[in-house]
């Protein structure tokens with residue numbers, strides 16, 4: 001898989017569940033639980049026997065799922081992972097021989113690092129993406145920010161101690177592509193075959209990761225006079241501050257009165273989220289369509305705004321990235 005495409009898919013997914021599956025017959029059940037919950041990625045660890053069979057079964061059942069191999073410590077494991085259809089390999093440490101072997105076969109390899117020397121070793125091998133492990137035990141986000149400062153092009157996947165409560169704290173740092181973890185695939189639920197509960201955990205994590213909130217509602221007015229009148233009513237009624245802009249007048253921070261009709265029959269609704277690109281991917285998997293000609297990007301090429309194709313209740317809807 002092309003490294004750029006690999007990183008894009010990881011960023012869109014956001015969460016890479018680390019799976020240790022003792023019963024290989026459960027592979028497809030677990031893949032479905034993840035897939036239905038919005039997690040279309042998995043790192044199947046070689047800490048359990050039969051990991052290569054699990055990978056193979058998952059890939060066959062869900063070809064578009066990004067299934068990789070974890071805890072790849074030997075060349076033999078690397079070969080078995082690739083032969084089973086693994087789209088990437090991960091290790092807890094950095095073994096140059098295994099990294100080079102995997103890369104020669106055209107499969108991305110993500111070694112684990114915990115200090116500057118290991119980051120520089122990874123760079124020497126031509127890598128620009130590494131696993132930071134064990135994340136929380138090694139110092140968490142403050143340490144990652146400090147250690148990554150001299151390495152502008154290096155990106156990270158923190159793993160170890162990451163959970164639903166600190167996930168967004170990590171993902172808010174732009175050098176972090178995604179986070180690995182096992183909290184959404186607890187061994188207890190896997191062994192009990194409680195696939196619906198795993199799907200629910202995935203949905204909860206995705207929902208929290210995206211962080212959807214109403215940013216503001218735009219009301220279409222015929223002219224500036226009407227916009228002023230409508231915004232004044234909100235201001236007088238609720239005591240909200242009136243702010244006059246070039247194309248609209250805000251009443252507080254949530255009501256925007258357009259000086260002339262804009263998108264939508266009645267107006268528009270802005271929904272904020274933590275990562276627009278990730279939200280587009282997740283909503284797209286649910287069948288939501290976007291008008292990509294409306295997308296806006298920041299100086300780093302990060303998508304910050306995009307409109308949905310369809311109106312809802314006479315309102316155009318767009319996503320906007322939280323600042």
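The values are calculated or read from the model by the stated rules, or taken from the named source; none is laboratory data. Note that this is a predicted model, so its numbers are computed, not measured. Using ideal geometry, Cβ is built from the backbone for each residue, glycine included, and neighbour counts are taken over all protein chains shown.
Here are a few things to note about the model shown:
- Across the range 210-228, the number of residues qualifying as farther than 15 Å from residue 319 by Cα and either in contact (Cβ under 8 Å) with a residue 40 or more places away in the chain or touching a strand residue (DSSP E or B) at 6+ places or on another chain (Cβ under 7 Å) (or both) comes to 5.
- Candidate set: the range 66-91, residues that are buried (at least 19 other Cβ atoms within 10 Å of the Cβ) and in a loop (DSSP other than H, G, I, E, B); chosen: the one farthest from the chain's Cα centre (by Cα): 84
- Scan of the range 290-323 for residues that are farther than 22 Å from residue 168 by Cα, in contact with a strand residue (DSSP E or B) (Cβ under 6 Å, 6 or more places away or on another chain) and outside any loop (DSSP other than H, G, I, E, B), ordered by number: 290, 291, 294, 295, 296, 307, 308, 315, 316, 317
- The residues of the range 52-65 that are in a helix (DSSP H, G or I) and within 23 Å of the chain's Cα centre (by Cα), listed by number, are 55, 58, 59, 61.
- Of everything listed in (1) over 18 Å from residue 182 (Cβ atoms); (2) out of contact with any strand residue (DSSP E or B) (no Cβ under 9 Å at 6 or more places or on another chain); (3) surrounded by 15 or more Cβ atoms within 10 Å (Cβ to Cβ), the single unmet condition for residue 97 is (3).
- Applying the set (1) within 28 Å of the chain's Cα centre (by Cα); (2) assigned to a helix (DSSP H, G or I); (3) surrounded by fewer than 17 Cβ atoms within 10 Å (Cβ to Cβ) to residue 278 leaves exactly one unmet item: (3).
- All positions within the range 229-260 that are part of a loop (DSSP other than H, G, I, E, B) and more than 16 Å from residue 318 (Cα to Cα): 239, 240, 241, 245, 246, 247, 252, 253, 259, 260
- Note on the range 18-49: residues that are within 12 Å of the chain's Cα centre (by Cα) and not in a loop (DSSP other than H, G, I, E, B) total 1.
- The range 1-15, subset out of contact with any helix residue (DSSP H, G or I) (no Cβ under 7 Å at 6 or more places or on another chain) and not in a helix (DSSP H, G or I), residue nearest to residue 198 (Cα to Cα): 1
- Meets criteria (assigned to a strand (DSSP E or B) and either in contact (Cβ under 8 Å) with a residue 40 or more places away in the chain or not assigned by TED's automatic domain parsing to the domain that holds residue 278 (or both)) for residue 107: no
- Number of residues in the range 303-323 that are more than 12 Å from residue 212 (Cα to Cα) and surrounded by 13 or more Cβ atoms within 10 Å (Cβ to Cβ): the value is 10.
- Flag: residue 231 does not match the condition of being under 21 Å from residue 310 (Cβ atoms) and either out of contact with any helix residue (DSSP H, G or I) (no Cβ under 6 Å at 6 or more places or on another chain) or in the same structural domain as residue 184 (by TED's automatic domain parsing) (or both).
- Tallying residues that are over 17 Å from residue 183 (Cβ atoms), in contact (Cβ under 8 Å) with a residue 40 or more places away in the chain and in contact with a strand residue (DSSP E or B) (Cβ under 9 Å, 6 or more places away or on another chain) within the range 36-63 yields 1.
- Flag for residue 170 being surrounded by 14 or more Cβ atoms within 10 Å (Cβ to Cβ) and more than 21 Å from the chain's Cα centre (by Cα): no
- Hits in the range 173-189 - residues which are in contact (Cβ under 8 Å) with a residue 40 or more places away in the chain, surrounded by 13 or more Cβ atoms within 10 Å (Cβ to Cβ) and over 14 Å from residue 39 (Cβ atoms): 177
- Scanning the range 157-167 for residues that are crowded, with 21+ Cβ neighbours inside 10 Å and out of contact with any strand residue (DSSP E or B) (no Cβ under 7 Å at 6 or more places or on another chain) turns up just one, 160.
- The combined condition, being touching a helix residue (DSSP H, G or I) at 6+ places or on another chain (Cβ under 8 Å), in contact (Cβ under 8 Å) with a residue 24 or more places away in the chain and not in a loop (DSSP other than H, G, I, E, B), is not fulfilled by residue 203.
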